[in-house]
Amino acid sequence: MALKATIFKVELTIADMDRNYYADHSFTIARHPSETDERMMVRILAFALYADPALAFGKGLCVDDEPDLWQRDLTGAIERWIDVGQPDEKWIRKACGRARETVVVSYGRAADIWWNGVRDKLARQSNLTVWNLPPEVAPALAALTARSMRLQCTLQDGQVWITDGRQTVLVEPERRMGA
């Protein structure tokens, strides 16, 4: 019998002072059996970084042709394609060809090795932004995981604070590529 996804309910309050975006988002997120809490929470962080009413979660690890998050315009064209982790450079180039803007949020101890391997191959992708999270961020975010989460996220001057009311995680993403 195949394992089923674990369902999480999320209430996310965002105060993005850098973009003047203030909103409450309620959504259900499914964590694939092979996905870690760290990866799921980085997907939620990526949502907070680019929050928009049109931004939606993809179908996840079980679908090969979708990003972790994407934003489509009213015609269905992909405005923003967001992946987390260390995707293959061919996958990233394909995403850059399909979307107006492509974003990768890398994390984990192997992120530097991955970046050193793909940096030169992706240098010509003008619509690509790559962020890297310090190694301690994903485990700290995973500590906030609960089946029902109420998170507050404040973004200001390139810093992100995420709290569940008991613990607060400071995230200072490093821009490795992009405007």
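Please say if the stretch 64-153 is rounded, prolate or oblate, where rounded means a/c under 1.5 for a ≥ b ≥ c the square roots of the C-alpha gyration tensor eigenvalues, and otherwise the choice is prolate for a/b larger than b/c and oblate otherwise? Numbers along the way, then the final one.
Details: a/c = 2.51, a/b = 1.21, b/c = 2.08.
Here the stretch 64-153 falls in the oblate category.
Shape verdict for the stretch 100-140, please, from the Cα gyration tensor: rounded (a/c under 1.5), prolate (a/b greater than b/c) or oblate. Spell out each step's value before the answer.
On the way: a/c = 4.37, a/b = 1.62, b/c = 2.70.
Note, shape of the stretch 100-140 comes out oblate.
In terms of Cα to Cα distance under 19 Å, which aspartates and glutamates are near enough to Lys121, apart from those fewer than 8 places away along the same chain?
Qualifying aspartates and glutamates at Cα under 19 Å: Asp83, Asp88, Glu89, Glu101, Asp112.
Considering only protein heavy atoms and a 1.4 Å probe, what is the carbon-and-sulfur percentage of the accessible area of the stretch 21-179?
Details: 3800 of 7930 Å².
Accessible surface attributable to carbon and sulfur in the stretch 21-179 totals 48 percent.
At 222 nm, what helix-only mean residue ellipticity would the chain give, in deg cm²/dmol to the nearest 500, using -39500 (n - 2.57) for each DSSP H run of four or more?
Here the helix-only value at 222 nm equals -7000 deg cm²/dmol.
Just how far, in whole angstrom, is the stretch 138-154 from the stretch 1-38 if you go by their alpha carbon centroids?
When both Cα centres are located, 9 Å separates them.
Enumerate the lysines that Lys4 could reach by cross-link, defined here as Cα to Cα under 30 Å, with residues fewer than 8 away along the same chain left out.
Answer for Lys4, where 30 Å is the Cα cut-off: Lys59, Lys90, Lys94, listed by chain and number.
Rounded to the nearest whole Å², what accessible area per residue is found for the chain with the 1.4 Å probe? Each step should come with its number before you reach the end.
On the way: 9410 Å² over 179 residues.
With all protein chains present, the chain gives 53 Å² per residue.
Taking amide H positions as placed 1.01 Å from N in the peptide plane, with prolines and chain starts having none, which residues 5 or more places from Val130, or on another chain, fall under 5 Å of its amide H?
Val104, Arg176, Met177, Gly178
Going through the stretch 89-179, which trypsin sites (Lys or Arg not before Pro) have at most 14 other Cβ atoms within 10 Å and a DSSP loop state?
Values: sites: Lys90, Arg93, Lys94, Arg98, Arg100, Arg109, Arg119, Lys121, Arg124, Arg147, Arg150, Arg166, Arg175, Arg176; in loops: Arg100, Arg109, Arg124, Arg147, Arg166.
Sparse-neighbourhood loop trypsin sites (Lys or Arg not before Pro): Arg100, Arg109, Arg124, Arg147, Arg166.
Indicate the gyration tensor shape class of the chain (rounded, prolate or oblate), computed on the Cα atoms with a ≥ b ≥ c the square roots of the eigenvalues: a/c under 1.5 is rounded; otherwise a/b larger than b/c is prolate and the rest oblate.
Judged from the Cα gyration tensor, the chain comes out rounded (a/c under 1.5).
Given an 8 Å cut-off on Cα distances and at least 6 residues of separation, report the relative contact order of the stretch 48-165 as a percent.
Values: 155 pairs, mean separation 19.3, N = 118.
Dividing the mean separation by the residue count of the stretch 48-165 yields 16 percent.
The values are calculated or read from the model by the stated rules, or taken from the named source; none is laboratory data. Quick caveat: nothing in here was measured; it's all calculated off a predicted structure. In this analysis, Cβ positions are derived from the backbone assuming ideal geometry, glycine residues included, and neighbour counts consider all displayed protein chains. Areas reflect the complete protein model, heavy atoms only, side chains present, ligands, DNA and RNA absent. Shrake-Rupley method; radii C 1.70, N 1.55, O 1.52, S 1.80 Å.
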